[in-house]
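What follows is a short report on a single structure.
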Amino acid sequence: MATNFVVNGRRASTDAPPATPLLWVIREQLKLTGTKFGCGTGLCGACTIHVDGKRAFSCQTQVSEIAGKSITTIEGLSPDSSHPLQKAWLAAQVPQCGYCQSGQIMSAAALLKEVPKPTRAQIVDHMSANICRCGTYQRIVGAVERAAREG
Amino acid sequence: MTDLATRLPVSRRQFMVGAAGLTFAFALPGVTDAALPASERVGKEFNPWLSIAPDGTITIMSAATEMGQGSMTSLPLILAEELDADWSRVRIVPVPPIDRLYSNPAYGMIYTAGSNAVRVYFQPLRMFGAQARRVLLDNAAKRWGVPVEELTTEPSVVVHAKSGRRLGYGEIATFAEIPDKAPEIKPDQLKKASAFRLIGKDVMRIEVPEKVNGRAQFAIDVHLPGMLYGAVVRAPVEGAAPDRIDDAKARAVAGMVKVIRLPYGVGVVAETPWAAFEAKRALAVTWTRTAKAWGFDSDAGLAAFTATARDLSQPGSEWFKAGDLRDALGKAATAMDATYLSDYAYHAQMEPLNAVASVSASGDAAEIWTGTQSPTTAHEATAKALGISRDKVKLNTFLMGGGFGRRGPRDSDFTVDAVLLAKQAGRPVKVMWTREDDIQNGRFRPLSAHYLRAGMDSSGRLVAWHHRHVGDRVTPFFDPVRYEANKRRDGILMAGTELGGYDVPHQLVEQLYQDTGVRTAPLRGIGFVANKFATESFMDEIARQRGVDPLQFRLGMLAKNPRAAKIVERVAAMADWRRERKGRALGLAYIDYSGTQVAGIAEVSLDRTSGQIAVHDFWCTIDCGIAIQPDNVVAQSESSIVYGLGIALSERITIKDGVVQQSNFYDYHVPRMNETPMMHIEVIPSDNVPTGVGQMATPLVAPAIGNAVARLAGVRLRHAPFTPERVKQALG
């Protein structure tokens with residue numbers, strides 16, 4: 001049975017079994033590989049996307065939950081890396097290996113949507129859901145603050 | 001080991017080697033928005049590192065694989081500096097696996113590790129860039145009929161000031177004649193640091209723009225037509241093999257294609273990743289019990305290591321010696337001893353291990369797509385697994401979602417998974433390890449016990465230093481070829497036991513070799529992490545025992561080492577070392593890490609009820625010689641500190657009956673943002689030759705924290721990581 005939903009403003013459909021993690025549909029079926037597999041258990045945040053505008057771990061979101069929903073992945077955040085967070089990420093030279101950074105940016109984007117001018121403590125609290133093994137945390141805080149300021 | 005400089009310049013025939021086997025290149029931002037395949041590398045080849053196209057595009061090969069450390073950009077930048085290239089016209093292409101042209105001189109293969117890429121390639125790449133520039137100058141001089149001495153260069157342009165004429169490098173490439181023998185350049189003809197246009201100026205790392213929009217390609221992102229998904233149940237203990245396989249349930253999974261017995265495990269291939277993972281979970285496998293690590297328990301193992309370390313009747317092999325330790329200890333006015341311990345630790349690179357492979361129907365050729373620190377071993381291990389020659393293997397390398405030492409073993413375990421499954425499946429296969437696979441089949445920073453003895457003369461000066469090191473072997477398992485080539489010295493385990501930088505006249509480091517059978521690997525900071533935890537903690541302990549300020553104690557031993565003294569004094573000034581903090585304290589560590597001088601100070605507090613340590617600030621100074629990309633030196637130091645924080649406080653792998661007990665980030669805790677201190681990094685300007693930056697601060701962290709806790713609470717933490725239980729135990 002097909003599940004219909006919207007990804008980055010376009011209609012999409014999958015025949016994957018209902019319990020399939022949305023992550024695999026996004027990556028392997030829709031070929032939107034910016035969303036990453038990190039832990040499969042909702043502990044690292046590398047797979048962070050937005051479902052109807054809210055932050056979600058795509059490895060913990062089943063196909064059965066997304067019928068009719070609107071999904072945004074890193075590829076849909078902006079057409080040309082022009083989102084204030086993406087600009088701030090480049091200005092601060094945040095990425096190192098870069099593998100977690102799609103998830104970091106999507107996580108931060110969800111925060112700024114809810115709290116346009118977050119305090120440092122709010123940023124740290126929110127972003128602690130996302131692991132960066134390269135330890136770019138200090139630059140992430142700075143980039144989120146910059147995006148909030150300049151966005 | 002070969003010296004790069006003696007092998008090159010190469011013959012004209014070698015100038016013409018292609019970039020076959022590469023699938024991607026990076027264009028600098030603004031040149032083009034898409035990665036160009038390397039087959040599009042066009043134009044005149046000046047040497048195997050460089051070609052210039054008529055449109056002025058300059059293609060520079062990078063021998064460094066990229067895992068976030070930045071040297072894929074730094075190496076071409078060094079060449080471009082001497083070439084006087086317009087950096088905005090440069091494209092970077094990873095080198096193909098041609099060892100004789102591109103090997104890392106320290107390893108004899110193409111391999112990015114040890115934070116040595118900039119250090120070992122710096123001089124050769126400058127030379128290649130200068131030679132190519134000279135060829136361009138000579139050709140322009142000939143065309144214009146003027147003496148070459150009258151010509152200068154601006155970025156990518158040869159200029160004849162006298163006549164006002166200019167020729168772009170691309171234009172020259174259309175008519176340039178390349179000499180059979182590369183022109184001789186003397187070292188003093190290379191640019192002076194004051195003339196650098198690129199080095200020290202912070203250019204955008206080449207791949208960073210694609211890391212904010214999801215376009216950066218890692219091996220796990222590869223898709224091939226007709227590709228299957230593979231997953232492997234690997235023997236929990238190295239050397240064990242499948243005994244009984246019950247695959248009835250796995251075969252019933254929709255989309256499952258085949259169950260494949262491997263020498264070291266059982267693989268499944270399926271039409272979708274979810275089917276592959278489900279089928280893998282449904283397999284029931286028992287294992288042969290003949291492998292070495294069965295029965296090994298890491299707690300009991302460390303207790304045995306400790307007893308061995310402290311038992312002076314058991315001789316070790318001599319790792320490092322200076323002066324006459326036994327004589328000096330015998331004559332010492334006072335002596336101290338102490339034991340320090342470190343647990344197994346896991347890399348936790350964010351991209352779980354994976355690879356894609358396609359094998360021809362007859363098995364006589366293969367193509368692989370993998371993220372590897374060692375293109376050489378990935379290439380070689382694939383050929384070996386199929387029993388074919390290396391020229392029948394096409395290698396495609398990718399950005400790595402973290403490496404930290406895990407992605408370059410001689411046997412290329414994760415790449416070979418894909419190769420063997422693809423061969424049996426008859427279709428291309430992408431193998432992905434789950435996080436659980438990645439931890440339970442991990443190859444760890446080794447378990448180690450350290451027994452230290454120090455002797456002081458009547459003036460209180462530290463004159464004798466004895467370090468008995470009992471640790472699980474790394475190099476013999478991780479890379480037996482290198483182990484033999486290095487005369488059976490396990491540098492990954494033992495590096496950092498020497499008191500580099502300090503003036504201590506009599507030293508003896510003994511290694512008491514252990515082989516538990518547990519899988520091991522270099523991990524960021526290698527032996528330095530456990531060894532400097534021991535040595536820098538003991539230094540602090542000696543100072544406190546004598547009632548001397550640990551800063552002054554160290555400076556006393558650095559009197560003949562002004563570079564080291566400078567960074568130690570500077571970090572102390574940054575942290576305001578002498579100021580007492582209410583409820584908090586500072587701890588100091590200093591390391592000479594392969595020539596790079598680093599010092600760090602941690603400010604900590606302690607929750608005595610829970611035993612939880614909080615690190616509030618971390619100051620760090622680093623002198624790495626010429627900083628090619630200064631902001632990247634800062635970034636790498638921040639990264640190294642966060643990495644060291646995890647190893648110091650929480651990261652711990654335990655083994656029971658040979659089997660890894662941890663399985664995901666809930667029981668292997670890596671630092672998160674809310675646990676990260678404010679980091680204050682200062683790069684000390686220097687005109688010394690560049691040395692490494694990718695991991696140097698990691699080993700500072702555990703001793704700095706432990707030394708701060710000693711100052712704060714008067715107790716010494718002797719076993720890393722400093723878990724709350726261990727801290728509470730120490731507090732009594």
Taking R0 as 35 Å and r as the Cβ-Cβ distance between B:H616 and B:R289, the FRET efficiency 1/(1 + (r/R0)^6), rounded to the nearest 0.05, comes to 0.10
Which ³J(HN,Hα) values, rounded to whole Hz and listed in residue order, are derived for region B:275-281 from phi using the Karplus coefficients 6.51, -1.76 and 1.60 in 6.51 cos²θ - 1.76 cosθ + 1.60 with θ = phi - 60°, glycine and proline given as x?
5, 5, 5, 5, 5, 4, 4
What percent of all Cα-Cα pairs in region A:3-76 falls in each 10 Å bin, counting up from 0?
23, 63, 14
Under Karplus coefficients 6.51, -1.76 and 1.60, residue-wise ³J(HN,Hα) of region B:545-561 in Hz, glycine/proline x:
4, 8, x, 10, 4, x, 5, 5, 4, 5, 4, x, 8, 10, 4, 8, 10
For region B:459-614, what number results from the quotient of the Cα radius of gyration and 2.2 N^0.38 Å?
1.18
Average beta carbon contacts from partner chains per residue of B:337-343, 10 Å cutoff:
0
Residues with amide H under 5 Å of B:D86's amide H, sequence separation 5 or more or different chain, H placed in the peptide plane at 1.01 Å from N; which?
B:S156
Once you order the gyration tensor axes a ≥ b ≥ c over the Cα atoms, which shape class does the protein assembly as shown get: rounded for a/c under 1.5, otherwise prolate or oblate by comparing a/b with b/c?
rounded
Normalized C-alpha radius of gyration of region A:33-151, against 2.2 N^0.38 Å?
0.98
Quick one: with all protein chains in place, what share of the accessible area of region B:103-180 is carbon or sulfur, to the nearest percent (1.4 Å probe)?
50
Could you give the length gained by full extension between B:A241 and B:Q123, i.e. 0.36 nm per residue of separation minus their alpha carbon distance, to one decimal place?
37.7 nm
Looking at region B:596-665, which trypsin sites (Lys or Arg not before Pro) are in a loop (DSSP not H, G, I, E or B) and have at most 16 other Cβ atoms within 10 Å?
B:R608
Given a Förster distance of 45 Å, report the FRET efficiency between B:V148 and B:A322 from their Cβ-Cβ distance, rounded to the nearest 0.05.
0.30
With solvent modelled as a 1.4 Å probe, how much accessible area in total do chains A and B shield from it at their shared surface, in Å² to the nearest 100?
4500
May I ask you to evaluate 6.51 cos²θ - 1.76 cosθ + 1.60, the Karplus curve with θ = phi - 60°, for each residue of region B:407-413 and list the ³J(HN,Hα) values in order in whole Hz, giving x for glycine and proline?
9, x, x, 4, 8, 6, 3
Residues in region A:99-140 occluded by at least 20 Å² - accessible area, probe radius 1.4 Å, against chain by itself
A:Y99, A:R120, A:V124, A:S128, A:I131, A:R133, A:C134, A:G135, A:Y137, A:Q138, A:R139
For chain B: relative contact order, % (alpha-carbon pairs under 8 angstrom, 6 or more apart)
13
Calculate the mean, over all residues of peptide B:214-227, of how many other protein chain Cβ atoms lie within 10 angstrom of the residue's Cβ.
4
DSSP-loop trypsin sites (Lys or Arg not before Pro) across region A:13-52, with at most 11 other Cβ within 10 angstrom
A:K31
Just counting partner chain Cβ atoms within 10 Å, what average do the residues of peptide B:273-279 show around their Cβ?
4
Going by amide H atoms built from the backbone, whose H comes under 5 Å of the H on B:A614, apart from near neighbours?
B:S605, B:L606, B:D607
Evaluate E = 1/(1 + (r/R0)^6) for B:Y513 and B:S163, where r is the Cβ-Cβ distance and R0 equals 56 Å; express this FRET efficiency to the nearest 0.05.
0.20
Solvent-accessible surface (1.4 angstrom probe) belonging to B:M574, in square angstrom, nearest 10
50
Among the lysines, which have Cα under 21 Å from the Cα of B:K331 when same-chain residues fewer than 8 positions away are ignored?
B:K321
Protein accessible area in region A:4-151, 1.4 Å probe - carbon and sulfur %:
50
Students sometimes get this wrong: rank B:E210, B:E149 by accessible area, probe 1.4 Å, all chains present, largest first.
B:E149, B:E210
Rg(Cα)/(2.2 N^0.38 Å) for region A:84-150, N = residue count:
0.96
Part-to-part distance (alpha-carbon centres) for region B:472-549 and region B:654-708, which is given in Å
16
Could you state the accessible area per residue of region B:99-206 in Å², with a 1.4 Å probe and every protein chain left in place?
45
What is the Cα centroid distance between region B:243-295 and region A:35-76, reported in whole angstrom?
28
Between the modelled labels at B:K201 and B:A333 (7 Å from Cα along Cα→Cβ) the distance in nm is 5.7
Count neighbours as other Cβ atoms within 10 Å of each site's Cβ, and list the trypsin sites (Lys or Arg not before Pro) in region B:472-572 that are DSSP loop with at most 13 such neighbours.
B:K487, B:R488, B:K560
Using heavy-atom solvent-accessible surface (probe 1.4 Å) with all chains present, what is the largest-first order of B:Y451, B:Y107?
B:Y107, B:Y451
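The values are calculated or read from the model by the stated rules, or taken from the named source; none is laboratory data. Keep in mind the model is a prediction, meaning the values are calculated, not measured. Neighbour counts are summed over all protein chains in view; Cβ atoms, including those assigned to glycine, are modelled from backbone coordinates with ideal geometry. Quick note on the areas: whole protein, heavy atoms, side chains included, nothing else; ligands and nucleic acids left out. Shrake-Rupley method; radii C 1.70, N 1.55, O 1.52, S 1.80 Å.
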